[in-house]
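The values are calculated or read from the model by the stated rules, or taken from the named source; none is laboratory data. Here the structure is a predicted model, which means the values were calculated and not measured. Positions of Cβ are generated from backbone atoms using ideal geometry, with glycine treated the same way; all protein chains shown enter the neighbour counts. Accessible surface areas use protein heavy atoms only, side chains included; no ligands, DNA or RNA. Shrake-Rupley method; radii C 1.70, N 1.55, O 1.52, S 1.80 Å.
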Amino acid sequence: MDLLHAFVALSNFVLVPAIAYGSQLALGALGVTLIYGILRFSNFAHGDTMAFGTMVTVLATWGLQAMGVSLGPLPTALLALPVGILGCMALVLVTDRAVYRFYRAQKAKPVILVIVSIGVMFIMNGLVRFIIGPGDQRFADGERFIVSAPGFKEMTGLDEGLAIRTTQGITVITAVIVVAVLFWFLNRTRSGKSMRAYSDNEDLALLSGINPDRVVMITWLIVAVLATVAGVLYGLDKSFKPFTYFQLLLPVFASAIVGGLGNPLGAIAGGFIIAFSEVTITYAWKKVLGHALPESLAPDGLVQLLSTDYKFAVSFVILLIVLLFRPTGLFRGKAV
């Protein structure tokens, strides 16, 4: 029985990946919850908005790499990220003006906007596939690891290695910075306070002189930033494939709903709850239990509850449970 080796194995295969994945889901869920809280509809095109922003970043990254521009040990995609954000901003503003603005003027019910967003989702998905193709696109470069398993073994003298990828470290640091800036903006700036007032009571906000068109525009711009950053971080950590972002909509929505739709803190908490649930349920615990238990009790099988092919099913089950028993979420957002 070796608890230290068990903890290292747990960190390597569960804790570190789940923290990075949870950061990505939290940023995606923040975009969903902002749209729901301020524009008052569930945007089913959010996953493909992430895909579009990431696609523009990938194309810009390839351009920089072709010119020989790099950040050394860091991914070149960090240099291309502002280009992706600008491209995504243009997309969401054009989409809002061409599609959603009409339905807001008609005072359409939220369910109508949801159906409209599904149509936008398919159009965005097709656009991304048409431009960059349906296959995996890799755009990561620079140093692969902050800490490598062989280096960790040599440094500590342990038999079990710990590997922390550069993309995982960048994901966590970037997520902390983006969330801190977002909360500062919402709580300290005049525009942020206007958004919160508009979310709490639209009629009272309009009577107070708040410009609804400006609030809508700022909301979409912030959503574009969150979607692009989340999408690029996910693509760097795994790979970029348009259909994967279509599938990612489920855990992102589950994160927002579990935490409480319309509640930014809930979106962050929900992202980590979904991430840890998916990783722990689909991980094969044989190695960790082999270290943690006496040799006579060590398992022979994989000790895996579900295959990784079913990780999105975990999000779906959690989503169903929350909708049935606590539809306002853990942090009491707006009822779904």
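Hey, can you find the accessible area per residue of the chain for me, probe 1.4 Å, expressed in square angstrom?
Numbers: 15910 Å² over 336 residues.
Per-residue value: 47 Å².
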For this session: Only Lys, Arg, Asp and Glu count, each charged at its Cβ (+1, +1, -1, -1), so figure out the dipole size of the stretch 183-336 about its Cα centre, rounded to 20 debye.
Result: 340
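The stretch 1-155: percent of C-alpha pairs farther apart than 28 Å?
Working: 4760 of 11935 pairs.
Percent of Cα pairs beyond 28 Å in the stretch 1-155: 40.
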For this session: Measure of size requested: the Rg and Dmax of the stretch 125-249, with Cα atoms as the atom set and Å as the unit; please supply both.
Result: 20.7, 67
Problem set entry | Positive dipole terminus of the stretch 206-336, leading residue within 230, 264, 317 (C-beta point charges) | 264
Exercise. Roughly how big is the chain's charge dipole about its Cα centre, with Cβ charges of +1 (Lys, Arg) and -1 (Asp, Glu), in debye to the nearest 20?
Worked result: 1240
Seminar exercise, completed: If each part is reduced to its alpha-carbon centroid, the stretch 250-322 and the stretch 158-194 end up apart, in Å, by 21
For this session: Could I have the simple spin-label model distance between residue 127 and residue 143, label points 7 Å from Cα toward Cβ, reported in nm to one decimal?
Result: 3.8
For this session: Using a 10 angstrom cutoff on alpha carbons, build the Gaussian network for the chain and name the most mobile of 96, 213, 237.
Result: 213
Seminar exercise, completed: The long-range amide H neighbours of residue 165, using H built 1.01 Å from N in the peptide plane and a cut-off of under 5 Å, are 146
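By per-residue mean of other Cβ atoms within 10 Å, what is the highest-first order of 73-80, 44-51?
Descending mean neighbour count gives 44-51, 73-80.
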Exercise. Across 10 Å bins from 0, what is the distribution of all Cα-Cα pair distances for the stretch 63-128, in whole percents?
Worked result: 17, 34, 23, 16, 9, 0
Seminar exercise, completed: Between residue 3 and residue 243, Cβ-based FRET efficiency (R0 35 Å, step 0.05) works out to 0.30
Exercise. Comparing 112, 38, 318, which has the greatest mean-square fluctuation in the GNM of the chain with Cα pairs linked when under 10 Å apart?
Worked result: 112
Problem set entry | Two-decimal ratio, the stretch 191-336, of alpha-carbon radius of gyration to 2.2 N^0.38 Å | 1.38
Exercise. For the charge dipole of the chain, defined by +1 on Lys and Arg C-beta atoms and -1 on Asp and Glu C-beta atoms about the Cα centroid, which residue among 27, 290, 39 has the Cα displaced farthest towards the positive pole?
Worked result: 39
Exercise. With each label point set 7 Å from Cα along the Cα-Cβ vector, what nm distance links residue 280 and residue 309?
Worked result: 2.6
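As an exercise, take the mean of 1/r over every pair of distinct alpha carbons in the stretch 104-191, invert it, and state the Kirkwood radius in angstroms. Kindly include the intermediate steps, with their values, before the conclusion.
Working: mean 1/r = 0.0546 Å⁻¹.
Kirkwood hydrodynamic radius for the stretch 104-191: 18.3 Å.
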Exercise. Between 275, 169, 105, whose Cα lies farthest towards the positive end of the dipole of the chain when Lys and Arg beta carbons carry +1 and Asp and Glu beta carbons carry -1, centred on the Cα centre?
Worked result: 105
Exercise. With charges only on Cβ, +1 for K and R and -1 for D and E, what is the dipole size of the stretch 29-136 about its Cα centre, in debye, rounded to 20?
Worked result: 540
Problem set entry | Share of carbon and sulfur in the accessible heavy-atom surface of the stretch 80-150 [1.4 Å probe, %] | 68
Exercise. Of the residues 295, 160, 278, which exhibits the maximal mean-square fluctuation in a Gaussian network model of the chain defined by a 10 Å Cα contact cut-off?
Worked result: 295
For this session: Please report, as a whole percent, how much of the solvent-accessible surface of the stretch 173-284 comes from carbon and sulfur atoms (probe radius 1.4 Å).
Result: 64
Exercise. Average projected area of the Cα convex hull of the stretch 252-331, in nm²?
Worked result: 6.1
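If Rh is defined by the Kirkwood formula over all Cα pairs and Rg also comes from Cα, what ratio Rg/Rh do you get for the chain? Please report the intermediate quantities before stating the final value.
Numbers: Rg = 21.2 Å, Rh = 21.0 Å.
The Rg/Rh ratio comes out at 1.01.
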